[in-house]
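The values are calculated or read from the model by the stated rules, or taken from the named source; none is laboratory data. This structure is a prediction, so every number in the text was calculated from the model and none was measured. Cβ placement follows ideal geometry from the backbone for every residue including glycine, while neighbour counts extend to all protein chains displayed.
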Amino acid sequence: MNHATPTAVVLNVRNLVKTFTSPDGEPTCVVDVPAFGMHEGEQVALHGASGSGKTTFLHLIAGILQSDSGTIHVAGEELTALDESGRDRLRALRMGYVFQTFNLMQGYTALENVELGMMFGAGVNRDHARTLLSRVGLGERLNYRPPQLSVGQQQRVAVARALANRPRLVLADEPTGNLDRRHSHAALELIREVCREHNAALLLVSHDPDVLNRFERVEELGKLNHAADAHGSSEFAAATPASAMRPPVAGVP
Amino acid sequence: MRPGLMMIVRRSLRQHALSTAITVTSVALASGLVMSVFSIKEQTYEAFTGGPVGFDAVLGARGSQLQLVLNSVFHLETSPGNIPWSMYQAIGRDPGVELAVPYAVGDNFQGFRIVGTTPELFTKFEYQQGRRLTPRDGGRIFDPARHEAVIGSYVAQMTGVTVGATINPYHGLQYDATRRHNDEYTVVGVLEPSNSPSDRVVWIPIEGIYRMSGHVLRGTGKATVAREGETIPDEAKEVSAVMLKLNDPQAGMYLDQTINRQGKVATLAWPIGRVMADLFGKIGWVNQVLALVAYLVVVVAAGSIVASIYNTMNERRREFAILRSLGARRSTVLSAIVLESTTITALGALCGYAVYAAILSGTVVAVRAQTGVVLDPLRFDSVLVVTPAVMVGLGALAGLIPAFKAYRTDVASNLVPAS
């Protein structure tokens with residue numbers, strides 16, 4: 001009998017709670033996720049209504065925000081037990097982040113933007129940066145700055161930058177939100193392919209049904225996040241096949 | 001330094017090139033100004049109080065020692081009056097006097113002072129140890145019995161007069177084209193530069209002054225005009241000043257006592273450096289005002305560093321958030337800002353040397369033209385090290401203000417709108 005080799009757990013979230021203080025001074029719980037996890041190389045799409053805490057959830061996983069309670073393990077390391085500089089270090093070494101608005105440094109060339117993604121981790125490797133940019137089809141645009149690139153090309157730079165440190169986990173927040181349908185499809189495939197090539201787990205937030213339908217595992221934040229009940233449910237939930245909705249990763253403790 | 005920090009700084013400077021250039025310029029001006037003020041102050045003080053004067057004391061008419069020194073040593077100001085020739089002879093015989101050289105003034109050549117003197121000025125007087133006023137190759141000193149002149153190097157440079165040329169003196173110490181003497185003097189020598197006020201002088205035999213057309217001698221108390229072919233009696237002669245080289249300081253003290261305290265007809269300016277130091281002491285407040293202005297310029301420059309970086313903070317807040325999202329620590333962002341302000345100041349301080357060189361070059365020309373004293377723009381002064389170092393330190397401190405703002409940048413709220 002063949003047994004599939006269990007892959008390592010890259011992300012393990014337990015009882016994660018984050019509360020903000022609303023403008024009227026009332027505490028508002030934005031994230032309350034009892035359990036969520038991902039395996040190495042796994043690709044998960046996350047959707048939810050606007051304001052349901054998707055970005056906050058990603059920021060918590062990235063260590064950009066600090067949770068009120070609960071634990072987050074990334075690549076075996078407990079992010080929530082680290083101080084801020086420790087979280088910065090873990091993010092630099094183990095995670096890549098693709099933003100909807102790309103967040104490229106406007107004064108830097110494509111190559112420098114990718115090198116920036118390495119700078120705070122293992123260190124700058126110019127050959128690797130060139131290789132990544134060539135892989136995303138920008139080998140001829142290394143010295144172009146973002147304003148000199150099309151929106152699609154900027155997105156590709158952002159993808160290359162997110163993978164610059166050979167991350168174990170790539171977080172993508174509406175990465176195709178600023179692209180038209182044709183470019184959106186191409187960009188999504190590029191992100192997924194490159195993550196596959198690097199065996200990086202991909203957690204992608206999107207509200208676009210076309211995007212979500214391409215993933216085997218799709219999670220609705222409204223179901224994961226108990227706090228989201230109060231903020232509405234996803235417009236995608238009704239359109240998503242039940243088979244695409246899966247429980248948190250098996251094997252995650 | 002963390003890896004890549006300099007790259008972040010370089011990119012930021014490039015991105016904000018205009019404000020960087022303006023700040024670098026203001027720092028350069030501040031640094032250059034401070035270095036210039038203190039270096040010029042130091043050099044002028046040294047040049048006027050201990051420069052290549054060569055003489056220890058000046059004997060002249062009763063009056064201001066400062067005026068006497070300015071007139072006879074620096075060839076500025078008007079003469080305080082004359083003293084009889086006999087006084088020159090008497091002091092020349094004093095055992096404490098090693099050398100006495102008479103000066104008679106009253107004319108100019110194109111604004112450069114004509115001084116009548118004796119050949120001892122060239123044959124015995126040393127303006128520095130072992131260095132005499134020497135004519136360049138092809139020249140010689142004047143014959144005291146002829147209408148001959150020796151001119152200083154700066155006079156030659158500015159007027160274009162060379163050996164063999166004939167010049168006409170003009171009456172008075174200020175140049176007035178209508179007051180031309182008909183007497184002609186042949187230039188027989190151009191002196192090697194001495195970097196002293198002597199470079200701005202036309203030297204002629206002292207008899208030439210006495211015999212100049214229109215000059216009247218009053219040594220006897222009556223107006224006497226020297227006649228061609230007749231010897232001028234010593235009683236009729238007067239001198240504007242007697243330049244003295246003394247054997248030792250005790251001689252100076254003795255002469256000071258007998259001439260200044262007990263006598264009533266003459267003044268001894270001794271020591272020359274002290275007389276000039278008194279002048280600098282009196283105008284010391286000017287230096288203090290200049291220093292204050294320079295310090296204020298430094299403060300303004302430091303403020304411009306803060307302003308230039310602080311003004312870009314809003315647009316850069318997102319950049320800091322991006323850097324943080326890529327794993328940069330708060331301390332890295334803080335260091336980048338401080339390093340940026342330090343780099344701007346260091347660039348400014350470097351450019352400050354160019355400003356300093358420009359100011360010094362202009363000052364050297366002006367001071368030389370006015371006084372004959374030559375300042376050295378290349379002379380090392382501790383202010384040339386201290387000022388840039390202080391500027392860079394101030395720049396780093398100034399950078400801390402925006403740096404702490406960057407340090408506190410909230411990453412999540414400055415990245416993208418939350419979905």
Run B:D234 past the list (1) modelled with pLDDT of 85 or more; (2) under 35 Å from the mean Cα position of the chain (by Cα); (3) loosely packed, with under 14 Cβ neighbours inside 10 Å and report the number of the one that doesn't hold. (2)
Can you tell me which condition A:R156 does not meet? The list is (1) within 14 Å of chain B (Cβ to nearest Cβ); (2) buried (at least 17 other Cβ atoms within 10 Å of the Cβ); (3) assigned to a helix (DSSP H, G or I), and all the others hold. (1)
What's the number of the condition B:I232 fails, among (1) in contact with a helix residue (DSSP H, G or I) (Cβ under 6 Å, 6 or more places away or on another chain); (2) touching a residue at least 60 places away in the same chain (Cβ under 8 Å)? (2)
So B:T117 ticks every box in (1) out of contact with any Ser or Thr (no Cβ under 6 Å at 6 or more places or on another chain); (2) surrounded by fewer than 23 Cβ atoms within 10 Å (Cβ to Cβ) but one. Which box is left unticked? (2)
Is at least one residue of segment B:315-336 part of a helix (DSSP H, G or I), acidic (D, E) and under 38 Å from the mean Cα position of the chain (by Cα)? no
Which of the numbered conditions does B:V289 fail, given that it passes all the others? Conditions: (1) without any contact (Cβ under 8 Å) to a residue 12 or more places away in the chain; (2) surrounded by fewer than 20 Cβ atoms within 10 Å (Cβ to Cβ); (3) within 14 Å of chain A (Cβ to nearest Cβ). (3)
Just give me the residues in segment B:20-57 being surrounded by 20 or more Cβ atoms within 10 Å (Cβ to Cβ) and outside any helix (DSSP H, G or I), in sequence order. B:G51, B:V53, B:G54, B:F55, B:D56, B:A57
From the list B:R179, B:R218, pick out the single residue that is under 16 Å from B:N108 (Cα atoms), surrounded by fewer than 21 Cβ atoms within 10 Å (Cβ to Cβ) and either modelled with pLDDT of 90 or more or among the basic types (K, R) (or both). B:R179
Being outside any helix (DSSP H, G or I) and either at the interface with chain B (Cβ under 7 Å from one of its Cβ atoms) or among the basic types (K, R) (or both) is the filter here; which residues of segment A:119-141 pass it? A:F120, A:G121, A:G123, A:V124, A:R141
Where the second residue is surrounded by fewer than 16 Cβ atoms within 10 Å (Cβ to Cβ) and of a type in the set (A, V, I, L, M, F, W, C) and the first is under 15 Å from B:I259 (Cβ atoms) and in the same structural domain as B:V265 (by TED's automatic domain parsing) and lies in segment B:78-102, which pairs have Cβ atoms under 8 Å and are six or more apart or on separate chains? B:I83/B:V265; B:M87/B:V265
Which count do you get for residues in segment A:105-118 that are farther than 10 Å from B:S325 by Cα, facing chain B (nearest Cβ under 8 Å) and either assigned to a loop (DSSP other than H, G, I, E, B) or in contact (Cβ under 8 Å) with a residue 24 or more places away in the chain (or both)? 6
Return a yes/no flag: does segment B:205-214 have any residue that is in a strand (DSSP E or B), among the hydrophobic types (A, V, I, L, M, F, W, C) and assigned by TED's automatic domain parsing to the domain that holds B:P95. no
Could you please let me know if B:L326 is more than 12 Å from every other protein chain (Cβ to nearest Cβ) and farther than 18 Å from B:F38 by Cβ? no
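Each row is one residue, and each column tells you yes or no for (1) within 14 Å of chain B (Cβ to nearest Cβ); (2) over 18 Å from A:P175 (Cβ atoms).
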site	(1), (2)
A:P23	yes, yes
A:C29	no, yes
A:D32	no, yes
A:E40	no, yes
A:L46	yes, no
A:A49	yes, yes
A:K54	yes, no
